[in-house]
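One structure is given here, and the rest of the page talks about it.
The values are calculated or read from the model by the stated rules, or taken from the named source; none is laboratory data. The structure displayed is predicted, hence computed values, not measured ones. In case anyone asks, the SASA skips ligands and DNA or RNA and just uses the protein heavy atoms, side chains included. Shrake-Rupley method; radii C 1.70, N 1.55, O 1.52, S 1.80 Å.
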Amino acid sequence: MSRKAREKTWQNQGFQALFNHLIRILKLGSDALYMYVRKEYDLGRVKQIGKYYPGNYGAPGRPRALKRKRTPENIERQNKTNREKRVQRLIIANFKEGDWHLILSYMKDKRPQSFAEAKKQLQRFLDAMRRIYKKNGYEFKYIYVTERGKQGACHHHLIIEDIPELNTTKLVAKKWQYGRPTFNPLYEDGEFEGLAEYIVKKETKEEQEGCSYSRSRNLVVPEPKREIIHRKMWRSEPKAPKGWYVDKNSLINGENPVTGYPYQHYTIKKLDPGGGNS
């Protein structure tokens, strides 16, 4: 395509965008002059939704804001919240009720001398589990973090799938040769928030020793879908589409500490055909 042809194409696209914007104003009236972003994470049986105003546009009735300086405390708090949400979404998207939160501890005479040794021992366990899962036609999925107890002893927290055909509990007990594993079934109450917070807390506590949470590469990593909504404001009490309901405990109407603009976060869940929703 020649330069003149490209310039003509760009002009046509620009006129088309302007035309579409004018049509939007005619249809929506003054609402078309405002916009906010709707961000959605589709996690299958759960969807996390956020709504916020872009900092360079401003919220209805408010001038374009000058960004406030973020303090180190603000940054640390936001980073921690982001990590918790990221782990939470990984758990929801890849695991279900009935899967396992494992605690792999050590017998006194088999305790590792360092974090590095503990991670090598755990890696041998993960490799053994992966081989057996693969041999039987399954993918081995996991998230883990290593913790040092008050007395200095290490242990590992893992989230893994339960495969009844493989008798997962018996398999874990056989392959973890350093101590006795503890099995805690996963429950969906609170979207695994408590477990995600715990993993991030332990990661932060031990990060100076190079210990952060790790995961298998075969996990689904949720990505958000973003949509520009031409409206002045969202409902303070959101409505869920048919077949879903809003988890009222998840609803947050807050204000961004940097821009000063409002935001909204909430979760919707699929309705249980059996009527077991709260």
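Whole-Hz Karplus ³J(HN,Hα) for the range 231-243, in order, using 6.51 cos²θ - 1.76 cosθ + 1.60 and θ = phi - 60°, x for Gly and Pro?
Along the range 231-243, the couplings run 8, 5, 7, 8, 5, 5, 10, x, 10, 8, x, 4, x Hz.
What pairs from LYS47/LYS69; LYS135/LYS174; LYS51/LYS96 go past 25 Å between their alpha carbons?
Pairs exceeding the cut-off: LYS47/LYS69; LYS51/LYS96.
What is the set of long-range amide H partners of ASN256 at a cut-off below 5 Å, with H atoms built 1.01 Å from backbone N?
TYR261, TYR263
At 1.4 Å probe size, what's the solvent-accessible area of HIS230? Round to the nearest 10 Å².
Looks like 40 Å² after rounding.
So, taking all protein chains as they sit and a 1.4 Å probe, how much accessible area belongs to MET233, in Å² rounded to tens?
Surface open to solvent at MET233 totals about 100 Å².
From the cross-link list LYS141/LYS201; LYS201/LYS232; LYS80/LYS119, which pairs have alpha carbons spaced over 31 Å apart?
From the list (LYS141/LYS201; LYS201/LYS232; LYS80/LYS119), the Cα-Cα distance tops 31 Å for LYS201/LYS232.
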